[in-house]
Amino acid sequence: MTRRTAPAPAGPGLADLAPDQRLRRLELTVTRRLDGLLHGRYRGLLPGPGSEAAGSREYRPGEDEVRRMDWAVTARTTVPHVREVDADRELTTWLLVDASPSMEYGTSTLDKRELAVAAVACVGFLTAGVGNRLGAQVLAPDGLRRFPPRSGRTHLLGLLRALLDAPRTGERPAARAAGRADGGSDAPTPGLADGLVGVQRVATSRGLVVVVSDFLDDLPDDPDATPPWATALRRLAVRHQVLAVEVTDPRELELPDVGLITLVDPESGRHREVWTGDPVLRERYARAAAGQRDQVRRALRRAGATHLTLRTDRDWCADVVRHVHEQRRLATAPAAARGGAA
């Protein structure tokens, strides 16, 4: 008598990672509070004043230009006021999505690459608007795959499907072997720094740059050293508003006591057997993982990027909403403090 085994469950599809109703609810909840991410409301994202009047506020000595004085409001209130304007230019968003082998790891419902697709869906829906465009570069082991900036829902859904259908590590060796048989040579695997340089080359107009990665590429052993991708990220942040979405998995932060396991480096393929019953080993692992995350956090902060952390074992929608509300609070806190002091 033979026993039939049930087929392995398929991974989450586009409807699971980008559910229309959930993203539509997220859009209604969040986008009205994103001053820097909606058409016609790009204060702090694009340089210089815009052309659409947005009210007046009190004059701040040393910060505001005298030529922006609103003399009508000043005469009426006897308190100096300046005009506020919103830029009325379209937004171009560039995505750099890390699809390296380390992003295929995951011990929860989603792996890190699938969570990256969810992050891309969220950014795409939140930045959608009349005239706004979305472009992407996907960092894969065989090079950078480019998606030119376009607008519209069809373009976004096509990008999401391409990310989901991209071949994984186990599906690539045949293609690489065929390439070598044709006389080709193995090109060096592009790193995160190469991807950031590629984005800087194509993002000619000021806009929003979103980097989705685990940021583990070539991290130095010295926790005080600067990662090789930090310089390229800093250059991007000089011209663009940069959002760094760090994707993590809980097993990258702590090691459970499950006996003897075999660890595999997805980038190099090296194997190592580890006895997880050793509490000293688990403590060292957790301490080293925390040191890596602190190193990434410091590098992103020094580069001037906004940092959003998503985990495979948490609700990514809730994390994005919480992050947007926190950024909104931080953006309005200085003005509120000045008003209270006055």
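Quickly run through segment 259-294 and pick out the residues that are under 20 Å from residue 246 (Cα atoms) and in a loop (DSSP other than H, G, I, E, B). Scanning segment 259-294 gives 265, 266, 267.
Of (1) surrounded by 14 or more Cβ atoms within 10 Å (Cβ to Cβ); (2) modelled with pLDDT under 90; (3) under 24 Å from residue 194 (Cα atoms), residue 253 satisfies all except one. Which? Here residue 253 meets the rest and fails (3). Here 96, 91 are screened, and the one residue that is over 15 Å from residue 312 (Cα atoms), modelled with pLDDT under 85 and either out of contact with any strand residue (DSSP E or B) (no Cβ under 6 Å at 6 or more places or on another chain) or crowded, with 19+ Cβ neighbours inside 10 Å (or both) is 91. Checked against the criterion of being at pLDDT below 85, under 30 Å from residue 55 (Cα atoms), part of a helix (DSSP H, G or I) and in the same structural domain as residue 266 (by TED's automatic domain parsing), segment 131-146 has no qualifying residue. Of all residues in segment 54-70, those satisfying the criterion of being without any contact (Cβ under 8 Å) to a residue 12 or more places away in the chain and assigned to a loop (DSSP other than H, G, I, E, B) are 61, 62, 63. Of the residues making up segment 269-276, none is in contact with an Asp or Glu (Cβ under 9 Å, 6 or more places away or on another chain), at pLDDT 85 or above and β-branched (Val, Ile, Thr).
Any residue in segment 74-87 that is farther than 27 Å from residue 269 by Cβ, β-branched (Val, Ile, Thr) and touching a Pro at 6+ places or on another chain (Cβ under 8 Å)? Scanning segment 74-87 turns up at least one residue that is farther than 27 Å from residue 269 by Cβ, β-branched (Val, Ile, Thr) and touching a Pro at 6+ places or on another chain (Cβ under 8 Å).
Exactly one residue among 189, 154, 231, 204 is modelled with pLDDT under 90, surrounded by 13 or more Cβ atoms within 10 Å (Cβ to Cβ) and at negative phi, and that residue is 189. Of 324, 320, all but one fail to be surrounded by 14 or more Cβ atoms within 10 Å (Cβ to Cβ), touching a helix residue (DSSP H, G or I) at 6+ places or on another chain (Cβ under 6 Å) and at pLDDT below 80; the exception is 324.
The values are calculated or read from the model by the stated rules, or taken from the named source; none is laboratory data. All values derive from a computational prediction rather than experimental measurement. Neighbour counts are summed over all protein chains in view; Cβ atoms, including those assigned to glycine, are modelled from backbone coordinates with ideal geometry.
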